[in-house]
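What follows is calculated from the coordinates using simple rules that are stated; it is not laboratory data. What you see is a predicted model, and the numbers here were worked out from it, not measured in a lab. Backbone-built Cβ (ideal geometry, glycine too); neighbour counts: all protein chains shown.
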Amino acid sequence: MAGIMVICEHLAGEFSDITFEMLDVANKIGGDITAVTFGSMKEKSGELGIANNVIDAGGDTEYNPESYASGAKAAVESNSPSIILVASTSMGYDIGNPLAVNLGIPLASYCTGVSSDGTNHEFTSSLYGGKMSVTSTAAGPAIALMLAGAGDADAGRVSGSPSLSQVSGESLDRVRFKQLIEPDAGDVDITQSEIIIAIGRGIGGKDDIEIAEELAEVIDADIACSRPLVDAGWLPKSRQVGKSGMKVKPKLYIALGISGAPEHIEGMKDSTTIIAINSDENAPIFDVAHYGMAEDLFDVVEELIDELE
Amino acid sequence: MKIAVLLKWVPDLVEELEVDDDGIGIDTDDLKFKLNEFDDHALEEALQIANDGDEVVAIAIDGDGTEKMLYTAIAKGASSGIRLTGGSNSNTANLAAGFATALDGGNYDLILTGVQSVDDLDGQLGPILAANMGLPCVSVVSSLNVSGGVATVTKEYSGGIVAEFEVDLPAVLGIQAARETPRYAPVSKIRQVQQSTDLAEKSVSGSSTSGTIITAMSEPETGGGAKMLDDVEDLIEILKGLGVS
Ligand SMILES: Cc1cc2nc3c(=O)[nH]c(=O)nc-3n(C[C@H](O)[C@H](O)[C@H](O)COP(=O)(O)OP(=O)(O)OC[C@H]3O[C@@H](n4cnc5c(N)ncnc54)[C@H](O)[C@@H]3O)c2cc1C
């Protein structure tokens, strides 16, 4: 029976939120649901209660791009699903893409939604840094790389006792896991902050960060940032919000000169109140913000400092 | 060591994007394009790890911007540039097909490209290409060292956690960030390169179809969207309402 397969992602012995989001998405599409786990995660298959079946695809418990892609392929071949949901994440990129090539089936990236009648599928994807929403279709088995936020992780977190089976991929060792490296703890833990002023590339230069820091002092906020500022070495990694940074949920998140790429939004969308200041009125950040100002951030910040001081 | 860096020309998101008349693509008339920023990081990382005697070859499929990308890459320090004719850069499947033909038999030790691009709907080039060529691949790489035919890389997960892997060469890596901000090449230098250097040409074919068919493109429906404020006074009222001041 053609069903939906969810390639589960885990880190440090726990299923990641995206796994439960994908289970929720699968549940809403409807049909027979098979979850695929790796390494020792089969022992936690009781957490995957939305799935009817769990396939243990072997491999080490530590993620390995080659062996997980190979295990996923063996799982697909044993089960012939019509849709395969893979996380649009660092781990998922190296599973979903080779899977598409090696099975010769289509793949849609950056999916925020999937619908299907079992044979014909429709994908909604967020492209161009979140500035365009694209609908695409495919027939027959296909892969969707699912963005965080596509499903509701809480709704997907259902315990149960899916049936368990096993497949094994090839044993490959061209890529070898060595170690996990935790980030250096920063001076401030932004996941605990009540008020965050987050700055993006719109700030211009390293020296201009000062003005945001001044405002932060006035309203007692912590400074966070988008990824390019960390890559440029302007702020430490511990201040980065987003997919490869921290997930934050402050009471107030003020985004200054941040465009709102899906990878950034993933880390801050659950903030209680979001205020965005960006000179581009079409910036996607305004889609998740509660309040917005399409103005030059320097003008606004200077005036705020003057008025609030 | 011979390193290939694969480059792609993409719309500059600073520009306003509009849907074209067919409703399934973006209107590219008057749109500004630029080198995919992650490809720029891939190039920088290649230049950083290359030692004397190593070769860094920039490669792009022929189209708008190709000469600019390749001459700029040479101006920044790449050893040479190859323009691939006859291929198509319309989707990842085509790019991967073209690059695979060009790289095949080239004895490259490392193939670097940006982790993703803003329009790679049918998949990310690095892992798609690697699967086509039967090579190992690691995506989302933020540090790279090579010694004795093995690359040691870190792959970024979430929450700032990274995993270190060893990868046997030859391999494809999807670069997220170079160790340093990509260098800048002055226009005068690029012009000089353009006058003194010939780009190599290689003919390839882009035959793969991506399998998915785009049926609609639109600006995203906003989940209500932000309440837009006109002046700072309004913003201050809101901040005060939230107990901030
Ligand atoms: C695997 C992966 C993981 C990633 N992880 C993360 C992550 O964890 N966090 C993250 O943030 N990104 C992440 N990214 C990067 C992400 O794709 C974007 O490139 C990044 O978020 C863009 O940062 P930005 O908004 O600051 O810059 P840009 O997109 O360049 O936006 C700058 C904005 O500033 C505005 N602006 C310019 N000048 C002014 C002014 N004077 N006043 C007001 N506004 C102005 C512009 O209109 C523009 O909207 C990741 C990418 C990948 C591929």
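Counting only helices (runs of 4 or more DSSP H) that fall entirely inside the range A:1-105 and contain at least 3 residues that are within 12 Å of chain B (Cβ to nearest Cβ), the qualifying elements are A:65-79, A:90-103. The strands (runs of 3 or more DSSP E) found entirely in the range A:132-195 that carry 2 or more residues being of a type outside the set (A, V, I, L, M, F, W, C) and within 22 Å of the chain's Cα centre (by Cα) are A:132-139.
Let's see how each residue does on (1) touching a Ser or Thr at 6+ places or on another chain (Cβ under 6 Å); (2) part of a strand (DSSP E or B); (3) within 14 Å of chain A (Cβ to nearest Cβ); (4) of a type in the set (Asp, Glu):
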position	(1), (2), (3), (4)
B:6	yes, yes, no, no
B:15	no, no, yes, yes
B:21	no, no, no, yes
B:24	no, no, yes, no
B:28	no, no, yes, no
B:34	no, yes, yes, no
B:42	yes, no, yes, no
B:45	no, no, yes, yes
B:51	no, no, no, no
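Can you confirm whether the range A:230-240 contains a residue that is more than 8 Å from the ligand (Cβ to nearest atom), more than 11 Å from every other protein chain (Cβ to nearest Cβ) and of a type outside the set (Phe, Trp, Tyr)? Yes, the range A:230-240 contains a residue that is more than 8 Å from the ligand (Cβ to nearest atom), more than 11 Å from every other protein chain (Cβ to nearest Cβ) and of a type outside the set (Phe, Trp, Tyr).
Out of everything in the range A:105-119 that is surrounded by 24 or more Cβ atoms within 10 Å (Cβ to Cβ) and of a type in the set (Gly, Ala, Ser), what residue ends up being nearest to residue A:131 (Cα to Cα)? Going through the qualifying residues, I end up with A:109.
In the range A:141-167, the residues that are crowded, with 23+ Cβ neighbours inside 10 Å reach residues that are part of a loop (DSSP other than H, G, I, E, B) and among the hydrophobic types (A, V, I, L, M, F, W, C) with C-beta atoms within less than 8 angstrom, at least six apart or across chains, in these pairs: A:142/A:105; A:143/A:105; A:156/A:50.
Looking at the range A:10-32 only, could you name the residues that are under 16 Å from residue A:76 (Cα atoms) and surrounded by 24 or more Cβ atoms within 10 Å (Cβ to Cβ)? A:26, the sole residue that qualifies. None of B:220, B:182 is of a type outside the set (Ser, Thr, Tyr) and either closer than 28 Å to residue B:143 by Cβ or surrounded by fewer than 13 Cβ atoms within 10 Å (Cβ to Cβ) (or both) except B:182. Taking each residue of the range A:233-258 that is within 24 Å of residue A:295 (Cα to Cα) and looking for partners that are part of a strand (DSSP E or B) and more than 10 Å from the ligand (Cβ to nearest atom) with beta-carbon atoms closer than 6 Å, six or more apart or interchain, yields A:250/A:195; A:250/A:196; A:252/A:195; A:252/A:273; A:253/A:196; A:253/A:274; A:254/A:197; A:254/A:275.
All conditions but one from (1) more than 8 Å from the ligand (Cβ to nearest atom); (2) within 11 Å of chain B (Cβ to nearest Cβ); (3) of a type outside the set (D, E, K, R) apply to residue A:279; the one that does not is (1).
Only residues that are surrounded by fewer than 24 Cβ atoms within 10 Å (Cβ to Cβ), more than 11 Å from the ligand (Cβ to nearest atom) and facing chain B (nearest Cβ under 10 Å) were counted in the range A:241-270, giving 3. Considering only residues in the range B:99-124 that are facing chain A (nearest Cβ under 9 Å) and over 23 Å from residue A:179 (Cα atoms), the one that is nearest to the ligand (Cβ to nearest atom) turns out to be B:116.
Those residues that are free of Cβ contacts under 8 Å to residues at least 40 places away in the same chain and either assigned to a strand (DSSP E or B) or more than 9 Å from chain B (Cβ to nearest Cβ) (or both), I need them from the range A:114-131; list them, please. Quick ask: steps written out before the conclusion?
Quick first cut of the range A:114-131, residues free of Cβ contacts under 8 Å to residues at least 40 places away in the same chain only: A:117, A:120-125, A:127-128.
Answer for the range A:114-131, where residues must be free of Cβ contacts under 8 Å to residues at least 40 places away in the same chain and either assigned to a strand (DSSP E or B) or more than 9 Å from chain B (Cβ to nearest Cβ) (or both): A:117, A:120, A:121, A:122, A:123, A:124, A:125, A:127.
Of the residues making up the range B:143-160, those that are within 16 Å of the ligand (Cβ to nearest atom), facing chain A (nearest Cβ under 8 Å) and surrounded by fewer than 23 Cβ atoms within 10 Å (Cβ to Cβ) are B:154, B:157, B:158, B:159, B:160.
Collect the residues in the range B:126-140 that are without any contact (Cβ under 8 Å) to a residue 40 or more places away in the chain and more than 7 Å from chain A (Cβ to nearest Cβ), keeping them in residue-number order. Across the range B:126-140, the qualifying residues are B:133, B:134, B:135.
How many residues, within the range A:217-229, are touching a residue at least 24 places away in the same chain (Cβ under 8 Å) and either more than 8 Å from the ligand (Cβ to nearest atom) or assigned to a loop (DSSP other than H, G, I, E, B) (or both)? Number satisfying all stated conditions: 8.
Go through the range A:285-309 and give me each residue that's at the interface with chain B (Cβ under 7 Å from one of its Cβ atoms), under 28 Å from the mean Cα position of the chain (by Cα) and either within 6 Å of the ligand (Cβ to nearest atom) or touching a residue at least 60 places away in the same chain (Cβ under 8 Å) (or both). Listed by number, the list holds a single entry, A:287.
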